[in-house]
Structures are given as structure tokens and as C-alpha cells.
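The values are calculated or read from the model by the stated rules, or taken from the named source; none is laboratory data. Computed from a predicted model, the values in this text were never measured in an experiment. FYI the Cβ positions are ideal-geometry reconstructions off the backbone, even for glycines, and counts take in every protein chain you see. Calculation scope for accessible area: heavy atoms of the full protein, side chains included, ligands and nucleic acids excluded. Shrake-Rupley method; radii C 1.70, N 1.55, O 1.52, S 1.80 Å.
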Amino acid sequence: MINKSLKDLSQALAARQISSVELSTLFLGRIDRLNPTLNAFVTVDREKSLKMAREADARIAAGTAGPLTGIPIAQKDIFCAEGWTTTCGSKMLANFVSPYDATVIEKMHRDAGLVSLGKTNMDEFAMGSSNETSFFGPVRNPWDTARVPGGSSGGSAAAVAARLAPAATGTDTGGSIRQPAALCNLTGLKPTYGVVSRYGMIAFASSLDQGGPMAASAEDCALLLNTMVGFDERDSTSLDRPVEDYARDLEKPLNGLRIGLPKEFFGEGCDAEVMAAVRAAIAEYEKLGATCVEISLPNSHLSVPAYYVIAPAEASSNLSRFDGVRYGYRAPDYGNLDDMYMKTRAQGFGAEVKRRIMIGAYVLSHGYYDAYYLQAQRIRRLIANDFVEAFKQCDVIMGPTSPSTAFKLGEKAADPVQMYLSDIYTIAVNLAGLPGMSVPCGFVSGLPVGLQLIGNYFAEGQLLNVAHCYQQATDWHLRRPAGVE
Ligand code: GLN
């Protein structure tokens, strides 16, 4: 059961081969057994989960179930869920119990009937690429527990890879769905900006943040995405467009598909063996009827620097709400109000979050705004325009997701710039607001490699189709770490 696809689980539930309570109990048992090693979940609440499972079973019995009703799922701890502790990986919110549901949570649980297995560990406020900035300690990669799972959605990635959950949610501001998916042999999708509501999803960099699915396959991601999308008047950047069925075109043949290979992604900076696996995957696509064309994204080398101005600027503004007044952590001893603010923030935030707040405040300050923030916004436009030009020549863009396989815990923790370069291939997609995916495409020394697929605006259905056809022809995505049979 633990290795079944969402479609198979759905059929098993519909055929009464297993109940949602039994299925949820199975995964909760795996969490009990394996989470002490992996640290993938920060909150588990058996009673809450089983109550949701019982309600799902009642819906199945009454014939009112949707396709995913009763299937358990792990939720990244950035999504507010009513009655659940929602920490965002921070001491600042370590005791915060959300009084309301994020739209994604409401849609997945109340509407679709998925069962929450709990909240997954993450980099503090989603700032990081290794899960080492979490207040709750690092997550370990099930493929090698001395290594990181990637970040910031590292808890979700480790949970699904070790089959503590059949699937999970993540969020991606600069690569946080795609990079951990790559490092843990999962399929992950960051949708077009505005497709998934950000209401109740704790904000890091609002113009870049987007929630999406992380699962074993493109088909599973499509089914999950169907439950997550839709216009939300409570999110001012939510897009009002017709809802699609993302599973509808999965099987469409790839004949004539034009793949763009950006020369900037195939030069230096990527591990040679990772690159070999990516090239082999592209050769497989040619066998499936696709053709390749070299393209250029001439400003892509500016994406990391532009991101590390824009994202901290937005973060410094978003995180100003954590002041110890209405909710979250408050320093125990203080003199006056200013002292309370200062001590609360000094004690409540970790080092990486403070670094971002300070960079953000600096680039937005009078005298530096034009030189940094405005300049970064101009570069952002150039990067987006590069993609507009590129998509005149191709249908999807491919390349590596991450320049290396999973690195060792502690290996990059002392060097923020090395850590920031983990997202060198993923960040431009967020700056442009485009959809992007990572798909398992091989192994280097026993560690997974991800192929990145980038689509045009609203092409998530096409990306899922392109990923699914590859997964029908290969079995990389079916490999599991040792001990997960
Ligand atoms: N690693 C990037 C950062 O630290 C991206 C994180 C994310 O996508 N949330 O900002």
C-alpha cells in the first residue's frame, strides 16, 4: 500500500479494499517509526488525522467522495491550518495555533477530503536550500541520512521519499519545491504565479511565493494540483481564470514537441555526472518524438543577484508583522515597548532570517533604493523577457534542477553564497512567474538527479503531460531509498 500511486489508492478506497482510517493509521505508524531519524514532520496529531479519516470514510460510504477523498497527505508547515500548530520552521511561531485555514488547506481537506497526516519541517520562513535553518533542527535525506533533503520544503520531500506520506505540499519562492524534489527523487511542480492562492500561506516574498504539489509522479502531481487551484478573492494576486483538469492531457504523445536547451544551463557550474544524467533524459525525449533547439537566456546569470535583492526586500516588509504584540513569540523580560520589539525579534528569528531582514531593509532604504531595489526590478523584467523570446522557439525548456546531488549536512551551512547558488537554475522561473517542474532522471553515486522542465505561462498541464510521458518510458521515479520496499 505504501508505494501505491494516488490513483491506485483512490481505487483501493473506492473498492473498500482499505478504509481511510486504516490507510492513515498505516502512514502514522511509519511516521512514528521513521520520523525520529528523518525529522520530516514537526507536528503530528493522531486524533485530528483519524477524525478526518473517519469523515472521509463516511463520505466514501455515502457516495459523496471526490477522487482523492480519504487519501492522507503531509502539509508543509507554512500553510495555516485551523487548530494545528503552524510554525513556519521558526521559534517566532513555535507555539502559534492557527485560528483559520489557508485556502489550499480548505480546498484539500474540506473540499477534496484529503486527510492531513501533519505538518512538515522546513527552513525558517522558507529561507534556505537545505532545511538546516529550521528552528526544529535539520531534516535528513532518506537516500543518505548524512545528507540534506534540499529546502525549503525539505520535510515534505523527505516524508514522501521515505513514504511517510503518499504526497505532500510545498512552496517555491526560488526553487523550494523543485530542488528538494530533485534531491529526494520526487516529482514537484511550481505553478504559474497566481494559480494557487497564497491566502493563509505565510508570506516570505509575496511576488515570488507559490504553493504546489510534491509526489512520486507527474500523474500524482496533476491530481493534487486539481484540488489546489482556483480563483480566491482573499488573495489579491489570485488569477480569475477557468479551472482546468490537469490530468486530462497526461497521455498526449510528444511528437513534434520542441525542447529549448538554454546554453547558459549547459555550461560550467554543474556537476559533470549530474549533467550526463540530464543529457540522457533529453535523449530519451528525442526518442519519444521531441526535437531540441539551442536557446539563450542571456540574463540568467543575473537571476541569483536580483533575487537576493528582491526576496529579502519583500521579506523584510512581510516579517515586520512578527513583533510580539498579537501572536507568536514574545521575549519574557523587557523594559519598554521598543525593548520588547527588539528582544522579541532578536530571540525569535534565526541567523538566516535576520540576514535577509537586514539586507532587505538596506536595499529599500533611502539612498540605496534606486541603486539596488529598482535596479533588481529592471533585471527581473529583462529575465522575464528572455523567456518570452525563448518560448517563440520552443514549447518547453529543459535543464538541470540543481547543480549537484544532495550535499552533506553542514557542508554549505557556513557559506551563504554557496548555499544561494543551489538555486542557480530555479530562481529565474520565479522571477518570471512561470511554471516549473522537477522530474527524477537518474542517479549519481546512489543519489537522485532531477531534470527541470520550464513551461510558458499557464502551461502546467503541458508540463505534466511532458513529465508523465517520460515517466511512462522510464522508471527512475519508481526507485525508492533502501528500507522503503
Ligand atoms: N533557497 C532559496 C532561498 O533561500 C529559495 C527558497 C524558497 O524557494 N522558498 O530563498
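Structure data summary
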read-out: Matching residues in region 192-229 - criterion: being under 29 Å from ASN3 (Cα atoms) and among the small types (Gly, Ala, Ser); value: GLY211, GLY212, ALA215, ALA216, SER217, ALA218, ALA222
read-out: Residue that is farthest from SER197 (Cα to Cα) [pool: residues in region 82-123 that are part of a helix (DSSP H, G or I) and open to solvent by less than 10 Å² (accessible area, probe 1.4 Å)]; value: MET92
read-out: Boolean, THR133 is farther than 18 Å from ALA167 by Cβ, among the β-branched types (Val, Ile, Thr), touching a helix residue (DSSP H, G or I) at 6+ places or on another chain (Cβ under 6 Å) and open to solvent by 10 Å² or more (accessible area, probe 1.4 Å); value: yes
read-out: Pairs with Cβ under 6 Å, 6+ apart, first in region 175-203 and farther than 11 Å from ALA102 by Cβ, second more than 11 Å from the ligand (Cβ to nearest atom) and among the charged types (D, E, K, R); value: PRO191/GLU460
read-out: Any hit, region 67-74, residues being of a type in the set (Val, Ile, Thr) and part of a helix (DSSP H, G or I); value: no
read-out: Tally of residues being open to solvent by 10 Å² or more (accessible area, probe 1.4 Å) and in contact with a Leu (Cβ under 6 Å, 6 or more places away or on another chain) across region 178-194; value: 0
read-out: Region 253-307, subset more than 30 Å from GLN377 (Cβ to Cβ) and of a type in the set (Lys, Arg), residue farthest from the ligand (Cβ to nearest atom); value: LYS287
read-out: Some residue of region 436-448 being in a loop (DSSP other than H, G, I, E, B), more than 12 Å from the ligand (Cβ to nearest atom) and open to solvent by less than 10 Å² (accessible area, probe 1.4 Å); value: no
read-out: Count of residues meeting criterion [surrounded by fewer than 17 Cβ atoms within 10 Å (Cβ to Cβ) and closer than 20 Å to PRO213 by Cβ] in region 227-241; value: 3
read-out: Residue match in region 256-270 (condition: touching a Leu at 6+ places or on another chain (Cβ under 7 Å), in a helix (DSSP H, G or I), in contact (Cβ under 8 Å) with a residue 60 or more places away in the chain and crowded, with 21+ Cβ neighbours inside 10 Å); value: no
read-out: Residue that is farthest from the ligand (Cβ to nearest atom), among those in region 124-147 that are outside any loop (DSSP other than H, G, I, E, B) and not polar (S, T, N, Q); value: ASP144
read-out: Checklist (1) over 24 Å from ILE177 (Cβ atoms); (2) in contact with a Leu (Cβ under 7 Å, 6 or more places away or on another chain); (3) crowded, with 23+ Cβ neighbours inside 10 Å applied to ALA53, failing item; value: (2)
read-out: Subset of region 1-24 (residues that are more than 12 Å from ASP57 (Cβ to Cβ), in a helix (DSSP H, G or I) and of a type in the set (S, T, N, Q)); value: SER10, GLN11
read-out: Only one of ALA181, ALA168, ALA158 that is under 24 Å from GLY350 (Cα atoms) and either within 13 Å of the ligand (Cβ to nearest atom) or not in a loop (DSSP other than H, G, I, E, B) (or both); value: ALA158
read-out: Test result for ALA283, open to solvent by less than 60 Å² (accessible area, probe 1.4 Å), closer than 30 Å to ASN226 by Cβ and more than 26 Å from the chain's Cα centre (by Cα); value: no
read-out: Qualifying positions in region 409-432 - part of a loop (DSSP other than H, G, I, E, B) and either within 14 Å of the ligand (Cβ to nearest atom) or among the basic types (Lys, Arg) (or both); value: LYS412, ALA413, ASP415, ILE424, TYR425, THR426
read-out: Test: LEU447 is over 20 Å from THR192 (Cα atoms) and of a type outside the set (Phe, Trp, Tyr); value: yes
read-out: The lone exception for ASP172 - which of (1) among the acidic types (Asp, Glu); (2) open to solvent by less than 10 Å² (accessible area, probe 1.4 Å); (3) farther than 18 Å from LEU463 by Cα it fails; value: (3)
read-out: Among (1) surrounded by fewer than 24 Cβ atoms within 10 Å (Cβ to Cβ); (2) of a type in the set (Phe, Trp, Tyr); (3) not in a loop (DSSP other than H, G, I, E, B), the one test that TYR199 misses; value: (3)
read-out: Residues being hydrophobic (A, V, I, L, M, F, W, C), touching a residue at least 12 places away in the same chain (Cβ under 8 Å) and out of contact with any Gly (no Cβ under 6 Å at 6 or more places or on another chain) - total across region 359-402; value: 12
read-out: So GLY324, is it open to solvent by 60 Å² or more (accessible area, probe 1.4 Å) and either at positive phi or within 16 Å of the ligand (Cβ to nearest atom) (or both); value: no
